[in-house]
1. Is at least one residue of segment 101-115 within 24 Å of Phe220 (Cα to Cα), of a type in the set (Asp, Glu) and out of contact with any His (no Cβ under 8 Å at 6 or more places or on another chain)?
2. Of all residues in segment 180-197, count the ones that are without any contact (Cβ under 8 Å) to a residue 40 or more places away in the chain, in a loop (DSSP other than H, G, I, E, B) and within 19 Å of Pro224 (Cβ to Cβ).
3. Which one of Phe45, Phe57 is under 14 Å from the mean Cα position of the chain (by Cα), modelled with pLDDT of 90 or more and outside any helix (DSSP H, G or I)?
4. Consider only pairs whose beta carbons are under 7 Å apart and that are at least six residues apart or on different chains; among these, list those whose first residue lies in segment 96-109 and is over 16 Å from Ala86 (Cα atoms) and whose second residue is in a strand (DSSP E or B).
5. Of the residues Leu174, Leu88, which is farther than 20 Å from Gly56 by Cα and free of Cβ contacts under 8 Å to residues at least 40 places away in the same chain?
6. List the residue pairs whose Cβ atoms are under 7 Å apart, where the first residue sits in segment 4-24 and is modelled with pLDDT under 85 and aliphatic (A, V, I, L, M), the second is surrounded by 12 or more Cβ atoms within 10 Å (Cβ to Cβ) and assigned to a helix (DSSP H, G or I), and the two are 6 or more positions apart or on different chains.
7. Would you mind finding the one in Leu159, Leu185, Leu125 that is more than 18 Å from the chain's Cα centre (by Cα), surrounded by 14 or more Cβ atoms within 10 Å (Cβ to Cβ) and not small (Gly, Ala, Ser)?
Amino acid sequence: MQRLVYGRRRSQRLRPGRRRLLAERLPEIELAVPETGRIDPATLFSDRRPLWLEIGFGGGEHLAAQAAAHPDCGLIGCEPYISGVARLLALAEAQGLTNLRIVVDDARLLLAALPDGCLERIFVLFPDPWPKARHHKRRIVNPATAAQFARLLQDGGELRLATDDMGYARAMLLALLPVRELAWLARGAADWRLRPPDWPPTRYEEKAKKAGRACVYLRFRRLPHFVKKP
């Protein structure tokens, strides 16, 4: 699969402390995606703990909060932009987090390299909506990745997505609802208009709300392998 990362990967300027973290701390917890073959989840941590994945963690606020709240889980964060990686490393150092692994690469390559049923949760929160029609192919949530999410989640696992772009929200649903292994958990409007209590906010969400944009929160459950939607 061709590596695709749109936009600028490196910030023009980083604080000396964050440059130090990139040089010293990142190599200790960075997960490299192999050119061929699959990643062995048993090699990521010293024990076979539940694995969670956040794709495009931005500044790392949500990922760090989940890592702090769930120290028995191993959290993989995928983010190609170095400034966001540096922010997460600063949060991890300040909070003493030891249950993080970071992938600085194209998330699609990571999805392809992970084995079936290895993830308990997947988060895709406020990804770039690429609103222009000619850029829709750049969206990270699409029918191909929807199938990968279903493949990677274990039975009963959960996929969480959020966006403040209503066009992208509809596109997410169009990509995910046909996947027979995934069940949308919404039973009423409040289930997709309100963020659940155990879902920490991100700075992108706060920025959207300050600008007056409504946010959509989508939750899908991975059905057992012997049960599929009709």
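1. The answer is yes, given that some residue of segment 101-115 is within 24 Å of Phe220 (Cα to Cα), of a type in the set (Asp, Glu) and out of contact with any His (no Cβ under 8 Å at 6 or more places or on another chain).
2. Applying the first criterion (without any contact (Cβ under 8 Å) to a residue 40 or more places away in the chain) to segment 180-197 yields 184-197.
Filter once more, keeping what is in a loop (DSSP other than H, G, I, E, B): 185-189, 194-197.
Now narrow it down to the ones that are within 19 Å of Pro224 (Cβ to Cβ): 185.
Number of matching residues: 1.
3. Checking each option against the conditions leaves just Phe57.
4. That search, which allows pairs on different chains as well, returns Asn99/Gly74; Asn99/Leu75; Ala107/Ile55; Ala107/Cys78.
5. Going through Leu174, Leu88 in turn, just one is farther than 20 Å from Gly56 by Cα and free of Cβ contacts under 8 Å to residues at least 40 places away in the same chain: Leu174.
6. From residues that are modelled with pLDDT under 85 and aliphatic (A, V, I, L, M), the pairs are Leu14/Ser83; Leu14/Ala86.
7. Leu185
The values are calculated or read from the model by the stated rules, or taken from the named source; none is laboratory data. Bear in mind that the values here come from a model prediction, so they are computed numbers and not experimental data. Here the Cβ is made from the backbone with ideal geometry for all residues, glycine too, and neighbour counts use every protein chain on show.
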